[in-house]
Amino acid sequence: MTVHYLPGVQRSAPTAVIVVAAGSGERLGESVPKAFVELDDRTILQHAVSRIARLPAANLIVVVVPGRLVVRARMDVMFGRPRVQVTAGGAQRSDSVRAGIEHIMAAAPETEVILVHDAARPLTPTAVFNRVIDAVTSGHRAVVPGIPVVDTLKEVVVEGERVSVRGTIDREMLRAIQTPQGFSVDALTRAYADPTELATDDAGLAERCGIPVHVVEGDALAFKITTPWDLRIARGVVAESGPEELP
Ligand code: C5P
């Protein structure tokens, strides 16, 4: 296989990871913001960061949390980890990612590759991070992990209380997209150049700028904790495997 390197982006290019953890997580129904909910004796955020801290490629890890929890998060995730820094996020996920990008540009301007990861996916295997980093360093400017969709998906028409099917979507052509999503610095800064643009994922903003987005294999363990049911599954996985034994 021929490997094409981006001009300026080389293998082992300086890489930073933004971990967004500034959401309220209202759908989880807990009294603290989602990232601060415990899976065992450690929070969702602590699990997410400890996995990323195992990646030799991550030169800088920027954790973005609600402003009022910056001091608490520093105590939770920075101890003994000089590569981890904490900053305050914003009202929307996109605002939090922007805060992370600005932090990286100030703290490590030599960075060439940025990964954006949801703290709410704390069990994401390190192999997924490595696949994303490898794809960016081999020339793809925007990379997302995706997994096949198992349910049948239908487009519906909603008229008041009445919901009816308009048609069935061919799921072979669909992928459920996860994080971490990886970008060359120029692609991510271009995607986030307009402060009014909002999207549920980072690649969505890159797509709007016409940047091609490459898909690598995701992993079922990279699921996002959103509902109480997801939290139950995550706690079960951690209890069964022991956190350090997870891939
Ligand atoms: O709400 P949702 O689970 O989709 O959020 C995905 C990720 O984005 C979570 O890790 C959450 O903490 C983060 N987020 C953020 N700032 C916001 C909203 C969400 O960092 N304002």
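The values are calculated or read from the model by the stated rules, or taken from the named source; none is laboratory data. Note that the structure is a prediction, hence the values are computed from the model and not measured. Here Cβ is always computed from backbone atoms with ideal geometry, including for glycine, and neighbour counts include all displayed protein chains. Please note that ligands, DNA and RNA were not included when accessible areas were found on the heavy atoms of the full protein model with its side chains. Shrake-Rupley method; radii C 1.70, N 1.55, O 1.52, S 1.80 Å.
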- prompt: Which percent of the accessible heavy-atom area of the chain goes to carbon and sulfur, probe 1.4 angstrom?
  reply: 54 percent
- line: Length gained, residue 217-residue 175, 0.36 nm per residue minus C-alpha separation, equals 14.1 nm
field: Nonlocal amide H pairs with residue 214, under 5 Å, H built at 1.01 Å
entry: 142, 143, 144
field: Segment residue 241-residue 229, length gained on full extension (0.36 nm per residue, minus Cα span)
entry: 2.5 nm
message: At 0.36 nm per residue, and after removing the present C-alpha to C-alpha distance, how many nm does the segment from residue 186 to residue 75 gain when stretched out fully?
response: 36.7 nm
query: Say a paramagnetic label sat at a point 7 Å from the Cα of residue 24, along Cα to Cβ; which residues of segment 50-90 have their backbone N under 17 Å from it?
result: 65-69, 89-90
- request: In a Gaussian network model over the chain where Cα atoms closer than 10 Å are linked, find which of 219, 170, 201 has the largest mean-square fluctuation.
  value: 170
- request: With a point put 7 Å past each Cα toward its Cβ, work out how far residue 106 is from residue 151 in nm, to one decimal.
  value: 4.1 nm
query: For segment 1-134, what relative contact order do you get, as a whole percent, if you take Cα pairs closer than 8 Å and at least 6 residues apart?
result: 35 percent
statement: Summing -39500 (n - 2.57) over every DSSP H run of at least 4 residues in the chain and dividing by its residue count gives a helix-only mean residue ellipticity at 222 nm, to the nearest 500 deg cm²/dmol, of -8500 deg cm²/dmol
